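The values are calculated or read from the model by the stated rules, or taken from the named source; none is laboratory data. These numbers were taken from a predicted model, which means no experiment stands behind them. Here the Cβ positions follow ideal geometry from the backbone for every residue, glycine too, while neighbour counts run over all protein chains shown.
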Amino acid sequence: MSEVSEPATQFEDQSDGGLVNDQDEGDLVDISKTSVRIEKNDRALAQLYDWYRDGRLDIDPEWQREFVWDKRRSSKLIESVLRDIPIPVIYLGQTESGDYEVIDGLQRLKSVFLFFDNEYSLTGLELMPEHNGKSFKDLSKKEQNKLRDSTLRTYELASDTPKDLMFVIFERLNTGGVKLNEQEIRNCLFRGELNDLINRLAKDPAFVACIGQDLHKRMKDRMFVLRFLAFYERTHHKVTKGLKSFLNDFLSHYRNPTEDKLKEFETAFRKSVKAAKTIFGDRGFRVWSGSSGWSKTPNVAIFQAVATSFCDYDLGQLTRAADCVYEAYLDLVTTDTQFHRCVTQATADANRISYAFTTWRNRLARAVAGTPANDSVRCFSRTLKENMFKTDDACAICGQKISLLDDAALDHDTEYWRGGLTVPANARLTHRLCNLQKGKGAAR
């Protein structure tokens with residue numbers, strides 16, 4: 001019985017220069033001699049349901065695919081159980097605490113549990129049409145007991161299964177539906193504070209705006225964020241055992257990092273995508289396709305190289321050099337055929353990753369050369385504010401009198417993010433509220 005009704009989709013559209021296929025991640029880790037410990041059990045539906053209610057069986061759609069079966073499909077599963085039609089096996093993974101996580105079987109288990117909770121009535125039944133319209137409470141006691149006592153064969157992976165081996169197992173376990181992609185598998189295996197951060201950053205407004213389309217389906221947006229963080233932290237020089245292992249090792253090592261490291265990751269990502277939004281607008285990280293123009297979808301191989309490069313520069317510096325940076329990127333993607341190959345073909349190859357990173361960073365360095373960074377001093381002194389208040393207590397924004405010194409603020413006349421210096425000649429006195437209202441959505 002198939003788990004997912006939607007058609008399979010790939011990450012990469014080579015003709016469009018779009019998203020890089022996540023299956024293209026090379027893996028040089030040798031797991032051929034690692035044994036797999038799987039225990040076979042026949043679990044009663046009542047036992048699995050009790051585990052679910054007690055929190056011992058985790059079927060959280062956040063780390064699985066979302067529950068996608070409709071009532072008709074769920075009803076036919078219940079009908080199959082009542083008529084003793086075989087149901088495909090369920091795959092579970094045991095955690096270190098002795099609990100269980102659903103690897104494969106979410107749709108079936110969720111259908112059963114919702115029915116036990118009387119969340120839907122049976123519909124579309126062919127073998128037992130007299131049961132259409134009935135919920136669990138409407139069944140006879142004998143039929144209720146039959147459902148509770150019916151068993152599912154479970155294959156349960158031991159909690160000490162190595163992550164690289166479990167990754168391969170996740171890839172191969174299927175019951176005829178859409179396979180979990182690389183990012184969905186990682187979302188299962190590496191849950192923790194870093195994974196939670198990746199989920200939050202994927203919703204960053206500047207990131208969403210720059211990408212220019214919804215990548216939420218099948219966690220493609222999280223795959224972009226993961227690539228950024230991994231290359232930001234470990235650099236492209238560490239992709240020596242294949243991209244898959246590079247990303248998995250990063251997630252494993254930083255699964256639950258310190259608060260300072262989480263804050264560092266978040267700050268770097270938000271700054272970079274803000275710069276990208278300023279430079280590229282809503283068409284960031286595209287491939288140039290000659291007469292066809294820009295590709296419709298963003299390219300993750302370009303994203304990981306370009307977005308991480310912005311971490312090396314001040315945001316104000318990138319903002320002031322935005323036009324030059326854009327022209328440098330346009331020239332690169334339209335004239336460098338090797339770069340084009342590196343970001344569209346065999347993109348997990350370490351040499352191609354290195355070429356893309358190095359070539360772009362050299363272009364970026366030339367584009368921002370001569371553009372000064374922001375003043376290292378951001379705030380004006382209180383003494384300067386007191387002197388300006390004594391000289392002229394009018395607000396430079398609304399023109400009205402400022403009654404109290406503590407109601408006043410010093411603002412950059414030429415905005416800080418445009419390179420305005422934090423010096424007396426570039427200061428103006430304003431109402432604190434006027435300055436806050438003016439500055440919403442823009443760094444001053």
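Using the structure shown, decide if Leu384 is part of a helix (DSSP H, G or I), among the aliphatic types (A, V, I, L, M), on the phi < 0 side of the Ramachandran plot and at pLDDT below 90.
yes
Given the condition farther than 25 Å from Leu189 by Cα and more than 34 Å from the chain's Cα centre (by Cα), answer yes or no: does some residue in the stretch 98-118 qualify?
yes
What's the number of the only condition in (1) modelled with pLDDT under 95; (2) buried (at least 16 other Cβ atoms within 10 Å of the Cβ); (3) out of contact with any Ser or Thr (no Cβ under 9 Å at 6 or more places or on another chain); (4) hydroxyl-bearing (Ser, Thr, Tyr) that Thr319 fails to meet?
Just one mismatch for Thr319, condition (3).
Does Met223 satisfy being assigned by TED's automatic domain parsing to the domain that holds Phe285, under 23 Å from Trp360 (Cα atoms) and under 10 Å from the mean Cα position of the chain (by Cα)?
It is true that Met223 is assigned by TED's automatic domain parsing to the domain that holds Phe285, under 23 Å from Trp360 (Cα atoms) and under 10 Å from the mean Cα position of the chain (by Cα).
Counting only residues that are of a type in the set (Val, Ile, Thr) and surrounded by 21 or more Cβ atoms within 10 Å (Cβ to Cβ), which one in the stretch 180-208 is farthest from Phe269 (Cα to Cα)?
Ile185
Checking Gly399 against (1) at pLDDT 90 or above; (2) in contact with a Phe, Trp or Tyr (Cβ under 9 Å, 6 or more places away or on another chain); (3) part of a loop (DSSP other than H, G, I, E, B), which test does it fail?
Every listed condition holds for Gly399 apart from (2).
So that you can scan it fast, the table gives a plain yes or no per residue for (1) without any contact (Cβ under 8 Å) to a residue 60 or more places away in the chain; (2) surrounded by fewer than 16 Cβ atoms within 10 Å (Cβ to Cβ):
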{"residue": "Arg255", "(1), (2)": "no, yes"}
{"residue": "Lys263", "(1), (2)": "yes, yes"}
{"residue": "Thr267", "(1), (2)": "yes, yes"}
{"residue": "Ser272", "(1), (2)": "yes, no"}
{"residue": "Leu315", "(1), (2)": "no, no"}
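Which numbered condition in (1) farther than 30 Å from Leu189 by Cβ; (2) touching a residue at least 40 places away in the same chain (Cβ under 8 Å); (3) assigned to a helix (DSSP H, G or I) is the only one that Glu130 fails?
(2)
For the stretch 294-310, indicate whether the set of residues that are surrounded by fewer than 16 Cβ atoms within 10 Å (Cβ to Cβ) and either modelled with pLDDT of 90 or more or of a type in the set (S, T, N, Q) (or both) is non-empty.
Among the residues of the stretch 294-310, not one is surrounded by fewer than 16 Cβ atoms within 10 Å (Cβ to Cβ) and either modelled with pLDDT of 90 or more or of a type in the set (S, T, N, Q) (or both), which makes the answer no.
So, Gln304, is that one part of a helix (DSSP H, G or I) and over 21 Å from Phe224 (Cα atoms) or not?
No: the conditions fail for Gln304.
Quick grid of which residues meet (1) of a type outside the set (A, V, I, L, M); (2) touching an Asp or Glu at 6+ places or on another chain (Cβ under 6 Å); (3) surrounded by fewer than 18 Cβ atoms within 10 Å (Cβ to Cβ):
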site	(1), (2), (3)
Leu332	no, no, no
Thr337	yes, no, yes
Gln345	yes, no, yes
Ala365	no, no, yes
Leu384	no, no, yes
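When you look at Asp336, is it of a type outside the set (S, T, N, Q) and touching a residue at least 60 places away in the same chain (Cβ under 8 Å), yes or no?
Taking the combined requirement at face value, the residue does not satisfy it.
So Ala350 passes all but one of these: (1) of a type outside the set (Val, Ile, Thr); (2) in contact with a Ser or Thr (Cβ under 7 Å, 6 or more places away or on another chain); (3) under 19 Å from Leu229 (Cα atoms); (4) crowded, with 22+ Cβ neighbours inside 10 Å. Which condition number does it fail?
Only one criterion is unmet by Ala350, namely (4).
Within the group Arg363, Arg352, Arg320, which residue is in the same structural domain as Lys271 (by TED's automatic domain parsing) and under 25 Å from His412 (Cβ atoms)?
Arg320
Restricting to the stretch 225-249, give me the number of residues that are modelled with pLDDT of 95 or more and crowded, with 21+ Cβ neighbours inside 10 Å.
Residues flagged as modelled with pLDDT of 95 or more and crowded, with 21+ Cβ neighbours inside 10 Å within the stretch 225-249 amount to 7.
Quick check on my filter: what residues within the stretch 83-94 are surrounded by fewer than 20 Cβ atoms within 10 Å (Cβ to Cβ) and under 13 Å from Ile59 (Cα atoms)?
Within the stretch 83-94, Gln94 is the sole residue that qualifies.
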